[in-house]
1. Within the range 69-86, track down each residue that is in contact (Cβ under 8 Å) with a residue 24 or more places away in the chain and not in a strand (DSSP E or B).
Amino acid sequence: MENKSHAFLAGLFTIGLMVAIGVAVFFFNVDRTVRVPYDLVARTNVTGLYSDADVRYRGLGVGKVQSIKFDQGHPGQIRIRIMVDKTAPITQSTFATLGFQGVTGIAFVQLDDTGKNPAPLPSSAQQVASLPLRPGLFDQLQQRGDVLIKKFERIADDADRFLSDDMRDQVMQTTKSLQGAADGIAMLSKQVGPVAQQLPRTLHQLDRTLASTTTLANNLSRADGPFVTNMNKAGEAAERAGRVLNEVNESLQEMSARVGYETLPRVNSLADDVGSAARSVDHAADTFNRNPRSVLFGAPQPAPGPGEPGFQWPAAASK
């Protein structure tokens, strides 16, 4: 009897312990978060999305997917019911996209916000608000597949043309040209080697030249230096030459005045006398031409005029 009572108590204790563990597990696993329903309106594929999938807001878990079903009022449209934490910042500009977990193909709902309208978007079980489900990366790739394929075909054609025989020949010629240029550079570097060895000596001489130039410049800039002294002497000589030129100018002006007021009248008088003498010589030469004997015998006496002794009328003389 005692063994049976112990076994009964042990079984009862075990059952009580299991019930306590079940209650504790249920108590700790119950989600007490208050969540608000939202409907996602999808017009694209929702491959990989299942009920009870995660709902994340910019990477943070904020809820679960409750159901996925077709929209009876709009054929071809899918309505996804999600339960989102009440504290999640759902606004009028919030939208959803599908994200994928690695390479498993399992999708989750990714919520994001454009920030254009920060007003809160209210929702309740009686009046569920709707959020747009935008195409994800794979949907965009699928929509642009034709364009991408055409671009890949164009790239393939360009690569095929690039790998043609003519292009390979051009590449080989270019490679040979580059090799020749490299050889020329190598030869030039060998020729520049001796010059580079002499470069330190040249730089040393250049430093000495610069030091000498600096010393010369300092000597020239000294107030008591030979350059400044000679320049001062040159300035004094130029000043004396200026004074001499002023005196010469004054003398020339005085001489010009004398010539204008004294010499020119005398020259004019002399010119008049020379003109008179020239006229007299002219008259004498004319007289000599008409009567050369007048040089020896003198000028002939003029014929007597009327009333003078010896005057005869021309008519009586002809008779």
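The values are calculated or read from the model by the stated rules, or taken from the named source; none is laboratory data. Keep in mind it's a predicted model, so treat the numbers as computed, not measured. So basically every Cβ, Gly included, is an ideal-geometry build from the backbone, and we count neighbours across all protein chains shown.
1. Correct list: 71, 76, 77, 86.
Results for (1) in contact with a helix residue (DSSP H, G or I) (Cβ under 9 Å, 6 or more places away or on another chain); (2) modelled with pLDDT under 80; (3) part of a helix (DSSP H, G or I), shown as yes or no for each residue.
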residue	(1), (2), (3)
157	no, yes, yes
167	yes, yes, yes
173	no, no, yes
176	no, no, yes
191	no, yes, yes
205	no, no, yes
208	no, no, yes
